Structure formats: C-alpha cells, structure tokens
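Presented below is the structure to which this report refers.
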Amino acid sequence: MRNTMKAATIESKFPLLAVEHGCIISKDADITVAFRVDLPELFTVTAVEYEAIHSAWAKAIKVLPDYSIIQKQDWFVKETYKPETDKEDMSFLSRSFERHFNERPYLNHSCFLFLTKTTKERMRMQSNFSSLCRGNIIPKEVNKDTATRFLEAVGQFERILNDSGFVSLTRLTSDEITGTENQPGLVEKYFALSLDDTTCLEDMELGADGLRIGAKKVCLHTISDVEDLPGTVGTDMRYEKLSTDRSDCRLSFAAPVGLLLSCDHVYNQYIFLDDSAENLRKFEKSARNMQSLSRYSRGNQINKEWIDKYLNEAHSFGLTSVRAHFNVMAWSEDAEELKHIRNDVGSQLALMECKPRHNTTDAATLYWAAMPGNAGDFPSEESFYTFIEPALCFFTEETNYQSSLSPFGIKMCDRVSGKPLHVDISDLPMKQGITTNRNKFVLGPSGSGKSFFMNHLVRQYWEQGTHVVLVDTGNSYQGLCEMVRRKTKGEDGIYFTYTEENPISFNPFYTDDYKFDVEKKDSIKTLLLTLWKSEDDKVSKTESGELGSAVSAYIERIRADRSIVPSFNTFYEYMLGDYRWELEEREIKVSKEDFNLDNMLTTLRQYYRGGRFDFLLNSEQNIDLLNKSFIVFEIDSIKGAPVKAA
C-alpha cells in the first residue's frame, strides 16, 4: 500500500545555514544578530520614562539600513517556584516560608531581539513562497560590504538602547543560539516551545486545521490589518486596578498581551524597514488612481483621503514609512483549556481596543517565520503600513519583578503571581540613588498586617547579622524576642517592659569589656544632648565638642580606675567636680554663652541620684546593650507619663 502521509523532516525544510561569530546565516543569505533584552520591572516605570524608552527605540531603529527587520520576541511561560531549603544555616521560619511557596505557579518572562538584514525581493515574499512550501533552496553568496555596514549599524543600535538606562541588550553567543552537547540552544527551544534547559525536539503538525508542537496545541491571534487597530495608541496606559483618583499606575500599551495574560504564550513584534521613499511614491501613485476612479465608487474617494492623510503625516513630520505585524501565539496541552485561552487572548486584545483576529490560514507560516533568524520568511501580506513611532507603541516594555543582586534583603512576594522574591529595600535603593536614607514608614488600617510585616522584616534582618532595637506598644514583638532568646540560649533577645514598680532603665556607660569605639562615644554624646536641649534649641559646635570631650575623658577615667562604677551618676559627679575645675583652669576660657555647664547640670539633675528619673540611666542590671543584637522596649503601660524620649 502506498504511503500517502504528507510528512517531512525539519532538516529538509530548515531555512538556516549556519551560525558564525554570533550571527545566524540563512540559506537565502539573510544575516541575523540575536540579543537577550532586559526590560524595567513591572509597575516601576512612570509615564515620562515610558516616553523615554519609546524615544530610545525609535532612535535606535532609525540607524538600521533599508530592508532590515526588527523582531522582538517575548516569551511568557508558566513555571513553578522551587524552594531553597538546602542551606545549612536556615532558621525554622525561613525554611517554613520556602516550603509554603513550594510549586507556586507564576509566569516567567524572557525577551529576545532579532535584527535581520534581508533583500528587497525577500521583503515582498508572500506566504506561498515560504521555505515551508519550496523544494530546494540554493544558497546565495553573502555580500560582504552589505554585511559589514549592517553589523556596524547593529553596534550603533545596541549602544543607543544600552545608553538609555532603561533597556539593556546582551548579544547571544553562537552556543546560546545553537546549543551544545549538554544544553539546548534558543532555536531548539523554539521548536519545543519551551525555555527549559532539558528541552528536546518534538514532532510538529503544521496543518490548515491547527498547529501542534509535540502535545502542545497552538492558537494564533494576529494584528495584521489597519482595520484591526485601535483609534489611538500611546506609549503607556493607566492600570485601573492599582490606580487611584490621586495617583496613576502606568503600564505599557501592550501590557495586556504581556504579563497580564496569564497563560503560556509568545508575543511577536515585527517592524519591517522598506525603502521609505519608494513606499511613499507607491502611495502617491495609488492616490492618483483612487482619484481617477472616485466617480465610480465612494469607497475610492474615502481611500484616497486616507492615503492623503498618511502622506501628509509622512511629509509634514519627516516620518519613516514602515510595515508592522504583531501576533500572540498561545498554547496548551488540553484542548478545553485552549478554548479558554483563545477567549482570554481575544479579550486582552480587546482591552487594547484591537479587533481580535484568530488566524488559522497563515498560522504555520507565521510560526515558521518567528523562528530565530528566519524573519526574512515572513509573509508580506500579513503586515500593514504605518510609521515607526506608532508601531513601537505595540512593544511590551516591562518584565517580571526580579530578585535583588544584593546579598542583604528580605523575602517578599510578586504582587501579580505571589512568587517569593529576595528584595533589598535598604542598601540597594541608596546605591541606585532612589532614596537618601534607610527610613521606612509602614502604613495601613487596623488588622492589615503592619505588625506581621515588621516581625517578618526584623526577623530576617536579625538573621543576617543586623542589630535590631525596637520601641513597641502592644506586645507585638514579645514572641519574636522570646524566639531569639531561646535560639541564642539566653545570650540575646532582651525585652524591657515598663511598669511603675519596675520602669525601663539602662546604663549607656556600661560595656562588658570597657571598649568604647567612636560610634559608641557619639551615641552617648547624642543621648545627653537630646536630654539637655529641647526640640527648638540649636546645638552649637562648641557644646557638641565640649560634651564629646567630657564623655571621652570620663571613659578614660573609668578605664584607668575600675573601682568607679560606670553610670550616669558617676558621670554627673565627674562633670560637677573634676571637669568643672579643668574647664576653669584652661588658658583659653570657654564662656557661658558658648557652653553653659551650669545650665546642662541643672537640666540633667532630674536623671541624677535622687531625681525623679534617676532610674532611667542608672540600671543596675549591667546589660551591655551595645553587644546585644535584638532589644525590645515595650512601653504600652506608659499612660502619658512625663518621660522625655531619649
């Protein structure tokens, strides 16, 4: 019996010839350079910054020669979170956190850019002349001068985008494109519709009734006609779910078919650079033909007016005539799920005010043309004429939230998918110039999780070696402090509770080893200045210097004579006696206007022995708070007590 099955191997139809020096060479002598693209994170870009990104893309594209193709390919693939529980020093809570999010699904984004130099003849090819339909392909000789000029333009393109500060391009190596013996390359991953490093080639069915890659059934939606486009486009749009009447949350115009489309899909964006002057001459000729035929049909007159508007825009603003095409290729192994995905893609396109068009006619040729390095096989009838600036509005300009590279940080969750991320909200924002300090303000109504979040934050900070001092009302951190005490076997986790019988007190002058560094001395000086001066009083350099010298001299004294008990009481007595005498004996006198010692001693008298707050700075527990890394002051019992905050 004769075999009538219409099957062929990929090798027999494969349009690519070789990959040399990081460039993909097709059998029709097309040259393609591939890049990995890093985009800004979701919800972090303002409207002004979207304009800047759009402008950078436009400037970069204009340096490319005629008959070049820009193909931006965004992969959105469902993955599951793999917890990191193999670290030896992980605490029980950290390990439990990781286990809680085990196999949490999320949409992972990867972006690639392919710049292809083809010929005038190839740019006009239609779907019936795709390499899928041709028999034998005869390789042509690559024009050396054309290739050199194209690669120089690609270098300028890369430099312009990298200098923008928003988009980063990294050129793919030959191994990353073709793969190695142990790892598949990008081309092989495309044929499996998977970015996994364990990807293997699967059989494909490219038929009129559908597109199938292995077990994955594919549906394709295209924006390939002017009639499918919205009335207006922009660089960005308002995201209503996170916006308020006072603040806007912005996303790129094409975000609905990007991260907001929660299914496995690839979003392909094409811009074809023809000879702009020749395109405009064709439109001029077409307009004249429409004018001559306008008496026979009102449609011809309307078409002539539209062509005139296009030409007027091009000549008035010096715009470049290009062709563009955009498609969303989504897939699923479940036929029923694919029906829902088809509806979801259509609704997301409708959010962009585009007409959803489910393409079944050219699905196979569009899939084949989206192969890395094969953009020259794109069927020209699936594109529409526009300008560079409107076409770029259909580029997605954001990616997933990314974990910080900084080793210090806390675990938080992606607000879209709930995927855990390592985020540095202290050091990294300062290094990047986003903030000028590490202050944080947690705002929320009762029961919204403020204390829960702060417990989460300070626990992870403490586990990474940070010293934590908390002033609390409501016993929110008592359990955490107890956990620290048990973990350190009583050596850390100090919890101070205020009561009238046992008020909070400490001894700023006490250390276990009598070692006082500059930071410790400055903190004591700052504490005394705060107790002495009111909020409205300015501290002069003389006052700060004299008090700092007094603290240093007192510390040297208690180091030399260990019989002196370090406390505020003995410091006060030192200031009252020896320091006053030393001040009066100086050759260079210090006036009371510059440093009023009597005023300071009078103000601080209430913290000295017999004063109403003599307990505050004279604790007898002798706890070296400087060497304790987790301290909590619980002051919930203070009901308007006249205690001055230190």
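The values are calculated or read from the model by the stated rules, or taken from the named source; none is laboratory data. Just so it is clear, the structure is predicted and the values come from calculations on it, not from any experiment. Reconstructed Cβ throughout: ideal geometry from the backbone, glycine too, with neighbour counts over all protein chains shown. Just so you know, the surface numbers come from the protein's heavy atoms only, side chains and all, with ligands and any DNA or RNA stripped out. Shrake-Rupley method; radii C 1.70, N 1.55, O 1.52, S 1.80 Å.
Listing for the model above:
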quantity: Qualifying residues in the range 217-230 (those that are hydrophobic (A, V, I, L, M, F, W, C) and buried (at least 19 other Cβ atoms within 10 Å of the Cβ)) - the one farthest from Cys393 (Cα to Cα); calculated: Val218
quantity: Qualifying strands (runs of 3 or more DSSP E) (wholly inside the range 1-94; at least 2 residues being at pLDDT 95 or above, among the aromatic types (Phe, Trp, Tyr) and surrounded by 15 or more Cβ atoms within 10 Å (Cβ to Cβ)); calculated: 68-80
quantity: Residue match in the range 182-192 (condition: touching a Gly at 6+ places or on another chain (Cβ under 6 Å), at pLDDT 90 or above, open to solvent by less than 70 Å² (accessible area, probe 1.4 Å) and of a type outside the set (A, V, I, L, M)); calculated: yes
quantity: Residue check, Glu389 open to solvent by 60 Å² or more (accessible area, probe 1.4 Å), modelled with pLDDT of 90 or more and farther than 30 Å from Met483 by Cβ; calculated: no
quantity: Filtered residues of the range 401-430 (kept if within 25 Å of Ala254 (Cβ to Cβ), open to solvent by less than 20 Å² (accessible area, probe 1.4 Å) and under 13 Å from the mean Cα position of the chain (by Cα)); calculated: Asp414, Leu421
quantity: The range 67-80 - residue that is among the hydroxyl-bearing types (Ser, Thr, Tyr) and in contact with a Ser or Thr (Cβ under 9 Å, 6 or more places away or on another chain) and, of those, nearest to Ala370 (Cα to Cα); calculated: Ser68
quantity: Criterion (on the phi > 0 side of the Ramachandran plot, over 28 Å from the mean Cα position of the chain (by Cα) and surrounded by fewer than 19 Cβ atoms within 10 Å (Cβ to Cβ)) met by exactly one of Gly214, Gly207, Gly299; calculated: Gly214
quantity: Whichever residue in the range 474-523 is more than 25 Å from Phe613 (Cβ to Cβ) and among the aliphatic types (A, V, I, L, M) and, among such residues, is most open to solvent (accessible area, probe 1.4 Å); calculated: Val518
quantity: Thr435 within 30 Å of Asp30 (Cβ to Cβ), within 21 Å of the chain's Cα centre (by Cα) and among the β-branched types (Val, Ile, Thr); calculated: no
quantity: Of all residues making up the range 564-592, the number that are loosely packed, with under 11 Cβ neighbours inside 10 Å and under 23 Å from Tyr607 (Cβ atoms); calculated: 3
quantity: Considering residues of the range 596-638 that are of a type in the set (Phe, Trp, Tyr) and farther than 18 Å from Glu573 by Cα only, the residue modelled with the lowest pLDDT; calculated: Phe633
quantity: Residue in the range 331-358 that is nearest to His221 (Cα to Cα), counting only those that are in contact with a helix residue (DSSP H, G or I) (Cβ under 7 Å, 6 or more places away or on another chain), open to solvent by less than 20 Å² (accessible area, probe 1.4 Å) and not in a helix (DSSP H, G or I); calculated: Cys354
quantity: Among residues of the range 104-124, those that are aromatic (Phe, Trp, Tyr) and open to solvent by 10 Å² or more (accessible area, probe 1.4 Å), counted; calculated: 2
quantity: Subset tally (residues that are at pLDDT 90 or above, surrounded by fewer than 16 Cβ atoms within 10 Å (Cβ to Cβ) and among the β-branched types (Val, Ile, Thr)) for the range 231-270; calculated: 1
